[in-house]
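Written below as structure tokens is the structure these notes are about.
The values are calculated or read from the model by the stated rules, or taken from the named source; none is laboratory data. Keep in mind that this is a model prediction, so the values were computed, not measured. So basically every Cβ, Gly included, is an ideal-geometry build from the backbone, and we count neighbours across all protein chains shown.
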Amino acid sequence: MTLRFGISGAYPEQFAAFPARLPEPFCAVEFPGDMLENSSGYQKLAQLARNGIQLYGRDFISPEIAALIPEENCKLRSELENHFQKRCAKSAALGVKEFSVAFDLFQALGNEECREKLGRFLRRCAGVTWEFGQKLRLVCRIPGGGNFDRWDEVMKFRNQLLSPNIELLLELHPHEPAGLETLNKALGYFRLHDDCRRICFDSGIGNTLTHAAIKRCSNSLVKDLEMEMLLFFYAGNGRLDAAGIAELEGMLKGFSPVEEQK
């Protein structure tokens, strides 16, 4: 398995001190959709793209609104689809091929009506992304809300969409209670359908990233698997300045993924 590394930010303000060039081994940047409507933010993204960084979007529909989509009326959903289409078009001009949206998968999987409404909305979104040659990734948070452990249902829902341009992004929280234990159980369900992950940490509140956490979060669970995985690092509310990126760079020097026979 080949690992590629990227840096993720969730707020336009985080990119104010973001360097125009990234050190090895970082080859990708995940940016929030709001930056597309911010002139200075858009210029920063264009600069990164010119410098050879692959851009990935996140939260093209804000998590707060995405969680409400199954319950909203048709008129609002139509307006949201138009907004979504404009973001796809503007990001495609920057070379963005993939982006993620954090719908409430756990709520949808627990309610048949919500599941059907979300499925219909996603199929319409897939039609939009197809037009621009883009892929939409559904964020699957691990650990999930409460005691959620029906990871096979997440895969079943994704497969039932019958959309090749809808995939998963596993958002991993190894510092939460039972986080690593849950990771061990969950990742087994996504093997062979899992090539993009986001590791979340925040040293400002004591959730320091460690080699052990990176190894567990990059575990492929399959020995000698011929695949490429993109691993994003998201530092919470932390600043994405040169010093913070250099610290992360140092931690990744000489790092290699864990591959276990399953």
Between a first residue in region 1-28 that is under 24 Å from Met229 (Cα atoms) and a second residue that is assigned to a loop (DSSP other than H, G, I, E, B) and among the aromatic types (Phe, Trp, Tyr), which pairs have beta carbons less than 9 Å apart while being 6 or more apart in sequence or on different chains?
Leu3/Phe255; Phe5/Phe255; Ile7/Phe18; Gly9/Phe18; Pro25/Phe255
So in region 124-163, with the set limited to residues that are over 13 Å from Asp104 (Cα atoms) and among the aromatic types (Phe, Trp, Tyr), which one is nearest to the chain's Cα centre (by Cα)?
Trp151
Considering residues of region 62-90 that are in contact with a helix residue (DSSP H, G or I) (Cβ under 6 Å, 6 or more places away or on another chain) and closer than 27 Å to Arg197 by Cβ only, the residue modelled with the lowest pLDDT:
Pro70
Residues within region 218-243 that are on the phi > 0 side of the Ramachandran plot and at pLDDT 85 or above, tallied
1
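Quick one: which strands (runs of 3 or more DSSP E) lie wholly within region 1-84 and hold at least 1 residues that are of a type outside the set (Val, Ile, Thr) and touching a Gly at 6+ places or on another chain (Cβ under 8 Å)?
Values: elements: 2-8, 26-32, 54-58.
Here the list reads 26-32, 54-58.
Conditions (1) in contact (Cβ under 8 Å) with a residue 40 or more places away in the chain; (2) assigned to a loop (DSSP other than H, G, I, E, B); (3) crowded, with 19+ Cβ neighbours inside 10 Å, marked per residue:
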site	(1), (2), (3)
Arg115	yes, no, no
Arg120	no, no, no
Arg124	yes, no, no
Arg137	yes, no, yes
Gly145	no, yes, no
Asp149	no, yes, no
Val154	yes, no, yes
Asn159	no, no, no
Pro164	no, yes, no
For Cys140, state whether it is more than 15 Å from Leu80 (Cβ to Cβ), touching a Pro at 6+ places or on another chain (Cβ under 6 Å) and of a type outside the set (Ser, Thr, Tyr).
no
Looking only at region 166-203, how many residues end up being surrounded by 21 or more Cβ atoms within 10 Å (Cβ to Cβ) and of a type in the set (Phe, Trp, Tyr)?
1
By residue number, the members of region 154-183 that are over 30 Å from Gln14 (Cβ atoms), at pLDDT 80 or above and not aliphatic (A, V, I, L, M) are Lys156, Phe157, Asn159, Gln160, Ser163, Pro164
